[in-house]
């Protein structure tokens, strides 16, 4: 009986610990420096909370009358590294007067496409964009909260797995089986 319990426990641990490998988990050597390999990891995805903060700061700057390049630079100063560099390069390109080159650098980033759309409208028409940017920041925060809620609900399902694979068979083996075996000789 203990071998069966050990097998079930090993199976549960194996299922619990295994997960499919993601492309972001892969490690590649970048260069050899002084006989040592330096390891390069793919940068983490953009932090939606930091991006929402950057959009809010950009909106506040635009509402205060700050020009678009300076507002984008201020937003880039609080953004995470994944989005700060494209926002800063967009601000620098706008300062130089290159609208087309400014938008081209950020249109490849899916999280920056809505910001580019609003900022492009601001730079071409001069329309007020504070409300649109604030709505965009609220939408980013709502999407982030929905994703966190979905992940926590998924984790709740995975937490029950050890209960079903380890504790329930152990309960049956240690409590129900002895009672049934004790009753069997008395039935005959």
Suppose we keep only residues that are more than 16 Å from residue 48 (Cα to Cα) and either surrounded by 13 or more Cβ atoms within 10 Å (Cβ to Cβ) or modelled with pLDDT of 90 or more (or both) within the range 129-151. Which one would you say is nearest to the chain's Cα centre (by Cα)?
132
Kindly indicate whether any position in the range 85-93 is exposed (fewer than 15 other Cβ atoms within 10 Å of the Cβ), modelled with pLDDT of 75 or more, closer than 12 Å to residue 68 by Cα and more than 22 Å from the chain's Cα centre (by Cα).
no
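The values are calculated or read from the model by the stated rules, or taken from the named source; none is laboratory data. Note that the structure is predicted; figures quoted are calculated from it, not measured. Note that we place each Cβ from the backbone using ideal geometry, even for glycine, and neighbour counts take in every protein chain shown.
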